[in-house]
1. Using alpha-carbon pairs under 8 Å, 6+ residues apart, how would you state the relative contact order of the chain in percent?
2. Using θ = phi - 60° and the Karplus form 6.51 cos²θ - 1.76 cosθ + 1.60, what ³J(HN,Hα) does each residue of region 48-57 get, whole Hz, x for Gly and Pro?
3. How large is the charge dipole for the chain, taken about the Cα centre, if only the Cβ atoms of Lys, Arg (+1) and Asp, Glu (-1) carry charge, to the nearest 20 debye?
4. Looking only at Cα atoms, what is the convex hull volume of region 77-171 per residue, in Å³?
5. Can you compute 3J(HN,Hα) from phi for each residue in region 118-128, using the Karplus curve 6.51 cos²θ - 1.76 cosθ + 1.60 with θ = phi - 60°, rounded to whole Hz and x for Gly and Pro?
6. Go ahead and estimate [θ] at 222 nm for the chain from helices alone: -39,500 (n - 2.57) per DSSP H run with n ≥ 4, summed, over the residue count, rounded to 500.
7. How large is log10 of I(q)/I(0) for the chain at q = 0.09, 0.13, 0.15 Å⁻¹ when the intensity is taken from the Debye formula with one equal scatterer per alpha-carbon?
8. If each of Gln8 and Ala83 carries a label point 7 Å out from its Cα toward its Cβ, how far apart are those two points in nm?
Amino acid sequence: MLDAAPLQDAYRALLDAATTVANADDPSPAPPDGEWNADQILAHVSLVSAATIAAVAGVAAGGNTTYDNRIALDAWTIEQTIAHAGGNAGLRDRIRCQAAALCALAGSAALSDAELSTPAPARLLSNGTLMVDQPMPLRDIVTGLAEAELPGHTKQLLALLPDRAEAEATR
């Protein structure tokens, strides 16, 4: 069984940051050149969360699974996700539900240690750079979400706050 507490904490921190940014004086803080705005970050996280749920559910269902984040980087798909969710508040609600589902599935007795150790062919890109192109244990995909992916996007959201952006610019 996987301890879901770090994943829950990472989602909570991301959602808190998203709410803080949404409630900031500037309702739509501009990202630095080449970066995503808050809605795009949240849509990306929603797509990554959905892919992770699909991989975990696939293993729980006894099937073969893969993990590929390229669709979560596609600009058209990100914009469609924003539209389908109804914007920022809808994206936050969607991620909240996805977090609950993933934490319940990955952190329960629904998956054995052997299932969590199942290698899944994985392809992960970040900013156009191939980071992973090899099988990864399902456990590592889920813990990577908690330890790197979600905290990285939490920082990215907080950097959109006007006072944070000014502090970064003066460094």
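1. Numbers: 223 pairs, mean separation 61.3, N = 171.
RCO, the chain: 36 percent.
2. Rounded to whole hertz, the list is 5, 4, 4, 5, 5, 4, 4, 5, 5, 5.
3. On the way: 10 positive and 21 negative charges, 68 e Å.
The dipole of the chain has a size of about 320 debye.
4. Working: hull volume 13.6 nm³, N = 95.
That works out to 143 Å³ per residue.
5. Result, ordered by residue: 4, x, 10, x, 10, 9, 10, 10, 9, 6, x Hz.
6. Working: 8 runs with 99 residues, N = 171.
The per-residue figure over the chain is -18000 deg cm²/dmol.
7. -0.31, -0.63, -0.83
8. 3.7 nm
The values are calculated or read from the model by the stated rules, or taken from the named source; none is laboratory data. Computed from a prediction, not measured in an experiment: that's the story for all the values here. As a convention, Cβ positions derive from the backbone with ideal geometry for all residues, glycine included, and neighbour counts pool all protein chains shown. Heads up: the accessible areas ignore ligands, DNA and RNA and are worked out on the full protein's heavy atoms, side chains in. Shrake-Rupley method; radii C 1.70, N 1.55, O 1.52, S 1.80 Å.
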